[in-house]
1. How much of the DSSP beta bridge set in chain A is antiparallel, as a percent to the nearest 5?
2. In degrees, nearest 10, range 0 to 90: what is the angle between the Cα axis of helix A:75-84 and the longest Cα principal axis of chain A?
3. Which whole-number value in Å² is the accessible area per residue of region A:1-151, probe 1.4 Å?
4. Quick one: which residues, 5+ away or cross-chain, put their amide H under 5 Å from the amide H of A:R273? H built at 1.01 Å from N.
5. Roughly to the nearest percent, how much of the accessible area of region A:1-101 is carbon and sulfur, given a 1.4 Å probe?
6. Chains A and B: buried accessible surface, both sides, probe 1.4 Å, rounded to 100 Å²?
7. Tell me, what is the percent relative contact order of region A:246-301, built from C-alpha pairs under 8 Å that lie six or more residues apart?
8. Taking R0 as 25 Å, what FRET efficiency do you get between A:V203 and B:Q116 from their Cβ-Cβ distance, rounded to the nearest 0.05?
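The values are calculated or read from the model by the stated rules, or taken from the named source; none is laboratory data. Because the structure is predicted, anything quoted here is derived from the model rather than measured. Cβ placement follows ideal geometry from the backbone for every residue including glycine, while neighbour counts extend to all protein chains displayed. Remember, those area values only see protein heavy atoms, side chains included, never the ligands or the DNA or RNA. Shrake-Rupley method; radii C 1.70, N 1.55, O 1.52, S 1.80 Å.
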Amino acid sequence: MALPNNTDPKLAEYAHPERLVTTEWLAQNLGADGLVVVESDEDVLLYDTGHIPGAVKVDWHTELNDPVTRDYVDGQGFAELCGERGISRDTTVVFYGDRNNWWATYALWVFSLFGHPDVRILDGGRAKWVAEGREMTTDQTKPSPVEYPVVERDDATIRAFKDEVLAHLGLVGRGGALVDVRSPGEYSGELLHMPDYPQEGAVRGGHIPGAASVPWARAAAEDATFKPRSDLEAIYLQEQGLTADDDVVAYCRIGERSSHTWFVLTHLLGFGRVRNYDGSWTEWGNSVRVPIVQGSERGSA
Amino acid sequence: MSLPPQLAELVEDFSDVGPKDRLQLLLELSQELPELPERYAHAADTMEQVHECQSPLFLAVEVAPDDAVHLFFSAPREAPTTRGFASIMHTGLDGEPAAEVLAIPDDFYTALGLAQAVSPLRLRGMAAMLARIKNQVRSATAA
């Protein structure tokens, strides 16, 4: 049984308000049957320093990725991951995490590859929950294991691969769009890595031809919540000229910052077709003979 | 492998337990990272930033007249993994002679067995920390 939706007026403005909950809603629903709260952070130890009571941890690095191939876990691995955490197919899963829910939206996106029906983000994430002085605990959560079905991962609907992005280049401006969510220095090619993340480097700097530059964190407000719908529309629609009918591919460096933008475009602004290119710049910027544009202009292929 | 005694002990502690307990050990170490002394508390700009770490980490290295190396770290509470790495360095190296610190193999951290628990990518921050500590020790002892 899915939990009731949050009826907060700010959330109601979004295209799919059922994909978000407020801290107040979560505080009132903690412990409810059919709800599992998942913390997903950049820092693998942060959960262990204190977490929302009853929340379980999912680590993006060691648990959502395949340990050998550059890919995500398969249906079997995902079923085990969920089952161990007490998540069944009809569970309402609320994700939260550090850094404006950066990793929480990444985890939600991976859950969406397996079509988990009821996934939601805690608006404001860990930072807002802590700032409001809400309860945190270091008590270990011991979920009772449940059965989760083995579902085949759908790599066609919300995920894009390099060849598909190459084919997409001709569509840019003709019903298609590319959104580069990295920092301006990475977009122009001055930086070969994200500031402070040199281990995720590329041998060429720049961006995919035609890509709009919209750093992901522009969608987040000071308190780590998502900006209201009108502010998001001002950025993505008015300023960048995207429309909800566009076929959009978003990318960053390894596909995590762009899952945040994927969430914003899909669930908050109601775009119908948004894919996350998780190969992102660490694949494109290291590939032989793919077109690249340097500088701050979008350019074209 | 030639490791200073405290560091060798830490490596042994880590390799004696399974991946889950290694994380617990790292968490405990992160809580034991000493506060910055007064002279650095308001002088972060005099410290060196370790850009390879995923969260802001600053370090300062002093070599005392008796050749003992002293280390100072600053990392936010919300970055326990980075603090844990810094704490391994502090516990293992602080007070050791400069020559001992320079002799530590650059890949000593692989022996901690943390790759599986925290992922190799994250561990690169620790390698970078050691490299920067050695550079500072070299320039302090060359003078």
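1. Working: 5 of 32 bridges.
Of those bridges, close to 15 percent are antiparallel.
2. For helix A:75-84, the angle is close to 30 degrees.
3. Values: 6060 Å² over 151 residues.
Per-residue value: 40 Å².
4. Result for A:R273 returns A:V248.
5. Working: 1930 of 3920 Å².
In region A:1-101, the share of accessible area belonging to carbon and sulfur is 49 percent.
6. Between A and B, the summed buried area is about 1700 Å².
7. On the way: 65 pairs, mean separation 20.2, N = 56.
That works out to 36 percent.
8. Details: r = 29 Å, r/R0 = 1.15.
Once the sixth-power term is evaluated, E becomes 0.30.
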